[in-house]
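The values are calculated or read from the model by the stated rules, or taken from the named source; none is laboratory data. Being a predicted model, the structure only gives us computed values, none of them experimental. Surface accessibility is based on the protein's heavy atoms, side chains included, excluding ligands, DNA and RNA. Shrake-Rupley method; radii C 1.70, N 1.55, O 1.52, S 1.80 Å.
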Amino acid sequence: MEHHNMTNRYESLNAADAEEITELEIDLLLDGLYRRYGYDFRHYARSSIRRRLQYRMNREKVPSITALLERILFDPEAVDRLLQDLSIRVTEMFRDPSFFLALRKKIVPELRKLPEIRIWHAGCSTGEEPISMAILLEEEGLGDKVKIYATDMNEEALNVARKGAYRLSSMQSYTKNYLQAGGIMEFSKYYTTTESEAIFNRELMQRILFFQHNLVMDRSFNEFHLIICRNVMIYFDDRLQQHVHQLFHESLSVNGYVGLGSNESMLYAEEVSKYRTVDAVEKIYQKLH
C-alpha cells in the first residue's frame, strides 16, 4: 500500500515539481551519506549520480530516493551496495594503448634521468592500469627504481587489485592492447595461469602499493614525478574538478607530468598556466612551476 501511495504522490505532481523534488531528494541522500558515513559524492556530476541511484532503487525495490536514504541510514550493508554503484570501475590492461605508447616515447626518456621514480595512479579501480605501468617501466629498464602508488576510494576494488588476478578470458584483448602500446615481450611472460585466472608476477606487484585514498576528502601524501588520473574527473562537477587539479598540482614535483583521460583536459583548470602541453591528443601535461 505504501508503494502505491508513494507512486500516486509522484503522479499527481507536474513535471517541474516532480523534477524539483527529485533534485531535493538527491541532495538529501548525498548529504546524509556524507554526514552519516563520511563519503562525499555531493559534487559528482548529477546525471551520473541520478542513473546510479535509479539502478540501486530498482535493485533494493524501494519506490523513491527518500526511501533509499532511509534504508542506507539504518542498514550498513545497503550502504556498501550503494557505494559499489557510485564508484567508477571501468578499466583494463593498457587501456587506450596510444596513451601508454605516448608515455613510453615521450615521458620515459625524462623519467630515466631520475635517481628514483614516484608515480601516482589516482582512481586505480581494480588495478589493471598500474600493473600495465609496472610492465612498461620494467621493459624500459626502470623497474628497480620505480614505486607506483595506486589509490582508490573503493576498498573492494583495491582488494581485487592487490591480488593481481584477472579473468584468463580477458588476456587476449589485453595482449592486443599491450602490443599496440609498444610492448616488446611475450605478454604471457608477466603472468601465470590457473584454469580461469591470470595471476601477475610477484616481482611486478611488489612495485605497486595499493591503498585507499579519496580524491574528494583526502590531501596530498607525497611528491610525484608522474600522476595518472584517467576518466575519473568526467564524473565530477566543475568545483570538484578544480579541487582535484589543485591537489595534483600540489602533489607534483617541478617538471613532473600528469596524464588525464581522453575526455578530460587541463585547459579549463585554474592551474593551466602552470603547465605546458606535452601531448594534446593523449592529454599529457608537464608542470612548469
Full extension between E23 and F74 adds, at 0.36 nm per residue less the Cα distance, a length in nm of 16.1 nm
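When only C-alpha pairs under 8 Å and at least 6 residues apart count, what is the relative contact order of the range 152-257, in percent?
RCO, the range 152-257: 29 percent.
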Taking the alpha-carbon distance from K189 and a cut-off under 13 Å, which aspartates and glutamates remain once sequence neighbours fewer than 8 residues away in the same chain are dropped? E138, E139, E203
Per 5 Å bin from zero, what fraction in whole % of the C-alpha pairs of the range 95-149 is there, up to the bin with the longest pair? 5, 18, 33, 28, 13, 3, 0
Relative contact order for the range 30-86: what is it in percent, counting Cα pairs under 8 Å that are at least 6 residues apart? 31 percent
Could you sort M217, M133 by their accessible area in this structure, using a 1.4 Å probe and putting the largest first? M217, M133
Excluding residues on the same chain fewer than 8 positions from K147, give the lysines whose Cα lies under 19 Å from its Cα. K113, K163
Quick check on the chain: what does the Kirkwood estimate of hydrodynamic radius come out to from the alpha carbon pairs, in Å? 20.7 Å
Could you work out, for the range 23-80, what percent of all Cα-Cα pairs fall into each 5 Å distance bin, beginning at 0 Å and stopping at the bin that holds the largest distance? 4, 20, 34, 30, 12, 0
Work out how much length Y37 to N58 would gain on full extension: take 0.36 nm times their residue separation and subtract the Cα-Cα distance, in nm to one decimal. 5.3 nm
From the C-alpha gyration tensor of the range 203-289, pull out the three semi-axes of the equivalent ellipsoid (sqrt of 5λ each), sorted largest to smallest, in whole Å. 20, 16, 14
Excluding ligands, DNA and RNA, what is the solvent-accessible area per residue of the chain at a probe of 1.4 Å, expressed in Å²? 50 Å²
Which residue fluctuates the most in the chain, going by a Gaussian network model with Cα springs under 10 Å, if the choices are G32, G141, G259? G141
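Gain in length, T194 to V281, computed as 0.36 nm per residue apart minus the alpha-carbon separation, to one decimal in nm? Present the calculation step by step, with values, prior to reporting the outcome.
Numbers: separation 87, 0.36 × 87 = 31.32 nm, distance 3.84 nm.
Here the answer is 27.5 nm.
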Portion, in percent, of the accessible area of the range 49-111 that falls on carbon or sulfur, probe 1.4 Å: 50 percent
Please find, in a Gaussian network model of the chain (springs between Cα atoms separated by less than 10 Å), the residue of L168, L82, L247 whose mean-square fluctuation is greatest. L168
So, relative contact order of the chain in percent, Cα under 8 Å, 6 or more apart, is 16 percent
Rounded to two decimals, what is Rg over Rh for the range 123-282 when you use alpha-carbon atoms and the Kirkwood radius? 0.97
I want the antiparallel fraction of DSSP beta bridges within the chain, as a percent rounded to 5. 40 percent
